[in-house]
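Rule-based calculations on the coordinates, nothing more; no lab input. Note that the coordinates shown come from a computational prediction; the quantities given were computed from them, not determined experimentally.
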Amino acid sequence: MTSIDFAFSELQQSLRDAIEKICARFGDDYWLKRDSDGKFPEDFYRALAADGWLGVCIPQDFGASAVHMNIFGLNPVAVYGTAEQKKRMLPPIAAGKEKACFAVTEPNAGLETGKLQTRAERRGDHYVINGAKIWISTAQVADKMLILVRTTPAENTRKPTDGLSLFYTALDRRHVEVRVIDKMGRHAVDSNQLFIDALKVPAEDRIGEEGRGFEYILHGMNPERILIAAEAIGLGRAALKRAAAYAKERVVFGRPIGQNQAIQHPLAECWIELEAAELMVRKAAWQYDQNIPCGPAANAAKYLGAEAGFKACQTAVMTHGGYGYAKEYHVERYLRESLIPRIAPVSPQLILCFIAEKVLGLPKSY
Ligand SMILES: Cc1cc2nc3c(=O)[nH]c(=O)nc-3n(C[C@H](O)[C@H](O)[C@H](O)COP(=O)(O)OP(=O)(O)OC[C@H]3O[C@@H](n4cnc5c(N)ncnc54)[C@H](O)[C@@H]3O)c2cc1C
């Protein structure tokens with residue numbers, strides 16, 4: 001029997017070092033500026049593309065590095081696309097020459113994907129799409145979109161999530177109105193409503209078989225949950241680092257505030273919870289890599305990571321007192337950001353529903 005090894009492999013360590021080096025060039029002041037001006041972080045995106053990080057989950061044949069990191073957006077194309085589609089669609093993304101957005105959520109469907117109403121109708125060698133999407137990130141700057149739409153009405157399918165099809169196609173602004181949503185945080189990454197009116201899509205832009213789009217999307221959902229958990233933990237750790245540094249420096253009642261247990265204990269608790277969440281991330285990622293079903297672990301990781309990240313950000317604001325509310329100290333921005341991994345792409349409530357049903361065998365509640 002081999003013992004459990006918690007150390008990073010050489011490959012994992014070199015990957016962390018390389019990414020840390022890039023991120024060090026884009027510090028908190030850079031992100032505060034993007035938060036205020038709402039501009040897409042083009043130079044950060046270029047820096048990642050230049051070193052091959054955008055395409056790390058795309059097979060090497062299509063122009064990407066062989067190192068694995070989770071940028072899973074085009075996972076369905078990489079897994080279910082034809083050789084021709086992979087060759088046509090993946091290299092421009094890996095090279096950072098094209099940007100893509102991911103259009104699933106609809107105003108009237110929410111978390112109930114089986115209720116998607118945007119329709120694609122087949123007309124000879126192409127489809128015509130009509131409908132609306134909401135909350136679509138980066139649609140202001142995207143050239144392409146991966147879009148999930150209904151090709152068979154739900155009443156003619158065995159279950160509501162059948163009859164959905166996936167397309168990777170040009171975001172043709174003559175037929176897609178992209179309207180930005182004014183929101184609480186993440187101003188550098190635009191969120192949008194899409195109004196799609198008679199968008200013509202060539203049949204060769206359909207990924208996989210007609211009607212099986214939901215299945216294809218599911219394939220990428222577990223790694224996406226693991227990725228988001230890791231993001232939330234990273235954010236929580238950044239907040240905790242700032243909070244601990246501030247607690248050491250700020251002197252009130254003749255002593256650093258960090259000398260008080262009422263300040264220390266919540267910070268220590270956050271550290272413990274972030275560490276525990278990371279273990280679940282590593283377990284879920286390991287299961288995914290081993291092709292072991294990882295749904296429960298991936299969902300648990302997303303839940304724990306998002307909650308721990310949020311708690312650390314909130315604790316960091318409280319540790320800073322009034323200054324926590326000032327933009328200059330960055331933690332208020334972290335707190336706004338930390339809400340996103342809690343809400344999207346699946347809410348904590350729906351994760352609990354999933355665990356209750358699939359792991360504990362309780363009746364489906366939704
Ligand atoms: C910043 C941001 C970026 C996003 N980017 C994208 C993107 O790029 N592409 C994309 O397709 N989508 C994107 N989304 C959408 C996101 O995935 C959805 O907001 C999310 O899935 C929740 O859907 P909803 O907002 O419609 O919530 P709803 O489905 O309306 O749910 C509202 C609340 O009710 C709860 N609820 C619903 N049913 C139950 C139940 N049976 N039991 C208990 N609780 C229940 C939910 O948990 C939730 O808290 C983004 C969202 C945000 C905020």
By how many degrees, between 0 and 90 and to the nearest 10, does the Cα long axis of helix 331-343 differ from the longest principal axis of the chain? 40
Short version: ³J(HN,Hα) in whole Hz for each residue of the stretch 149-161, in order, from phi by Karplus 6.51 cos²θ - 1.76 cosθ + 1.60 (θ = phi - 60°), x for Gly and Pro, what are they? 9, 8, 10, 10, x, 4, 5, 9, 10, 5, 9, x, 7
What list of ³J(HN,Hα) couplings, whole Hz, do you get for the stretch 255-262 from phi and the Karplus terms 6.51, -1.76, 1.60, once you set θ to phi - 60° and write x for glycine and proline? 8, x, 4, x, 7, 8, 5, 5
Just to confirm the number: angle between the C-alpha axis of helix 213-249 and the first principal axis of the chain, 0 to 90 degrees, nearest 10? 20
Here D for the chain, in µm²/s, from Stokes-Einstein with a Kirkwood Rh over Cα pairs at 10 °C and 1.306 mPa s, works out to 72
Restricting attention to the alpha-carbon atoms of the stretch 257-334, what are Rg (one decimal) and Dmax (integer), both in Å? 15.8, 48
Everything considered on the Cα gyration tensor (a ≥ b ≥ c; rounded for a/c under 1.5, else prolate if a/b is larger than b/c, else oblate), the stretch 82-147 must be described as oblate
How much space per residue, in cubic angstrom, does the convex hull of the C-alpha atoms of the stretch 142-244 take up? 152
Mind listing the phi-derived Karplus ³J(HN,Hα) values for the stretch 75-92, rounded to whole Hz, using 6.51, -1.76 and 1.60 with θ = phi - 60°, and x for any glycine or proline? 3, x, 6, 5, 8, 10, x, 6, 4, 4, 5, 4, 5, 7, 9, 7, x, x
Rg/Rh for the stretch 222-366 to two decimals, with Rh computed the Kirkwood way over all alpha-carbon pairs. 1.07
Gyration tensor on Cα atoms of the stretch 187-288, a ≥ b ≥ c root eigenvalues, a/c under 1.5 rounded, else prolate if a/b beats b/c, else oblate, says oblate
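For the stretch 239-366, how many pairs of lysine residues have a Cα-Cα distance under 18 Å, where the two are 8 or more positions apart or belong to different chains?
So the count of such lysine pairs works out to 5.
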Calculate the all-directions average of the projected area of the stretch 1-58's alpha-carbon convex hull, and give it in nm². 5.9
Average projection area in nm² (convex hull over Cα atoms of the stretch 322-366, one quarter of hull surface): 4.3
